[in-house]
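Structure, as structure tokens:
The values are calculated or read from the model by the stated rules, or taken from the named source; none is laboratory data. Keep in mind it's a predicted model, so treat the numbers as computed, not measured. Neighbour counts run over all protein chains shown; Cβ positions are idealised from the backbone, glycine included.
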């Protein structure tokens, strides 16, 4: 990666299972594919930690050429049960970005609710139920030719409709949370920290930041990071945007980064640089489940056709 000292790949899930709360949303890699990804990265790049990146950003050290920092979003329990043991065996540091509302399975993300509803409707597409769901969505001005795409289009602001649809489909989100425990517990997070991994904020409950007011963006950000500092006594303040940083104003970065609220933040803009100091862009290694080599080729091609730096109006 000429001119780029570190690349920032990320994942959400690694599992050999077909998970109803994730599968309808996006593809994810199985354990064998994930290990192959790591082996490729380790032959081409040197792994670094969040602290390494923070130190280099602060001018204390210099990152080795061709390095990578691995991260994982949303705090699913597979991070402790599947991912961490593999990373430890291969000597790869990582950052886990967590939503404060989901730690200890107190709440279920609205996107996991969508996935569970889609899973139920795909398996039991009863005509009467489908008609009732479509009617309910239309009442909330959420419409489409097909129900599943319409359901997937539900945004954070109108997420309450998902509980109404769940009642029509006999899907019990609270039971799923209690039995399946899809997210990391405090004990598991503590174990990850003791093993040398890092954690960061990922908002309170995973909204689209472009849909929020500036005040809401700042609250979601500070609340999630403050929660981690209070609960786990971490000394750094790191944050990764859920979904993307599209629609986030320069004022947000001024107030959250430049004014000392955060030390470092991450978007999902790929291999593009960012003009905002302290803000870095990551890229997914999950899309289409391609080999990292293909992903990097595509990202480099994308960078060639776009301006290599995301410029933000000051």
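Descriptive notes on the structure:
- Residue match in region 75-86 (condition: buried (at least 20 other Cβ atoms within 10 Å of the Cβ), modelled with pLDDT of 95 or more and closer than 30 Å to residue 258 by Cβ): yes
- Search result, residues across region 222-240 that are under 18 Å from residue 282 (Cα atoms) and not in a loop (DSSP other than H, G, I, E, B): 238, 239, 240
- Within region 290-306, tally of residues that are assigned to a loop (DSSP other than H, G, I, E, B) and under 21 Å from the mean Cα position of the chain (by Cα): 2
- Options 200, 190, 196; residue that is part of a loop (DSSP other than H, G, I, E, B) and not assigned by TED's automatic domain parsing to the domain that holds residue 147: 196
- Verdict on residue 19 being surrounded by 15 or more Cβ atoms within 10 Å (Cβ to Cβ), in the same structural domain as residue 278 (by TED's automatic domain parsing), at pLDDT 95 or above and touching a helix residue (DSSP H, G or I) at 6+ places or on another chain (Cβ under 7 Å): no
- Of all the listed residues (215, 238), the sole one being over 18 Å from residue 159 (Cβ atoms) and buried (at least 22 other Cβ atoms within 10 Å of the Cβ) is 238.
- Across region 87-115, the qualifying residues are those that are at positive phi and in contact with a helix residue (DSSP H, G or I) (Cβ under 8 Å, 6 or more places away or on another chain), and the one among them that is surrounded by the fewest Cβ atoms within 10 Å (Cβ to Cβ) is 104.
- Comparison of 122, 81 shows that the only residue that is part of a helix (DSSP H, G or I) and within 20 Å of residue 286 (Cα to Cα) is 81.
- From 70, 41, residue being assigned by TED's automatic domain parsing to the domain that holds residue 238 and either surrounded by fewer than 15 Cβ atoms within 10 Å (Cβ to Cβ) or within 16 Å of the chain's Cα centre (by Cα) (or both): 70
- Among the residues of region 241-264, those identified as part of a loop (DSSP other than H, G, I, E, B) and either farther than 22 Å from residue 211 by Cα or within 19 Å of the chain's Cα centre (by Cα) (or both) are 241, 242, 243, 244, 245, 246, 247, 248, 259, 260, 262, 263.
- Scanning region 265-279 for residues that are crowded, with 21+ Cβ neighbours inside 10 Å, at pLDDT below 95 and not in a loop (DSSP other than H, G, I, E, B) returns a single hit, 279.
- Annotation for region 103-110: no member residue is farther than 27 Å from residue 159 by Cβ and touching a residue at least 60 places away in the same chain (Cβ under 8 Å).
- Against the test of being modelled with pLDDT of 95 or more, within 21 Å of residue 286 (Cα to Cα) and part of a strand (DSSP E or B), the options 96, 40 yield a single qualifying residue, 96.
- All told, residue 198 meets the bar of being crowded, with 19+ Cβ neighbours inside 10 Å, under 25 Å from residue 267 (Cα atoms) and in contact with a strand residue (DSSP E or B) (Cβ under 8 Å, 6 or more places away or on another chain).
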